[in-house]
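Values in this text are rule-based calculations from the coordinates and carry no lab data. Keep in mind the model is a prediction, meaning the values are calculated, not measured. Here the Cβ positions follow ideal geometry from the backbone for every residue, glycine too, while neighbour counts run over all protein chains shown.
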Amino acid sequence: MNFISVELIYAFPKKYYHFFIKLNNYSTVRQVIETSGILNLHNEINIYSNKIGIHGKSVNLEYMVKDGDRIEIYRPLSFNPIELRRQKAKISRK
């Protein structure tokens, strides 16, 4: 059986979790996340609603990972970027 090595990242503004995982060659993103144990550490992660990407590009849970992939679990935005720009524009006009 061939094995591959992948990374899993879950980040906060001042802290991040970084896992190095070895799995069989035919593993999905879902299997990597479940194998990592991150779901036990952070119950706020919902793999069905949190966006997930590899090297910054969105993927689904059934995506077959490749050796060297860096899987990223994204947190929901705590603010609306459009509304934030509007607020900054109001302040700068004053």
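Annotations for the structure displayed:
- Loop-resident sites, the stretch 1-50, for trypsin sites (Lys or Arg not before Pro), counting at most 11 other Cβ within 10 Å (DSSP): 14, 15
- Loop-located chymotrypsin sites (Phe, Trp or Tyr not before Pro) in the chain (DSSP state not H, G, I, E or B) with no more than 12 neighbouring Cβ atoms inside 10 Å: 26, 48, 79.
- Note on the stretch 3-93: Kirkwood radius taken over Cα pairs, Stokes-Einstein applied at 10 °C and 1.306 mPa s, translational D equal to 110 µm² s⁻¹.
- For the chain, leaving out every one of the GluC sites (Glu not before Pro) that falls in a DSSP loop and has at most 13 other Cβ atoms within 10 Å, the longest unbroken run is 1-43.
- Each label point was placed 7 Å from the Cα along the Cα-to-Cβ direction; for residue 30 and residue 90 their separation is 4.4 nm.
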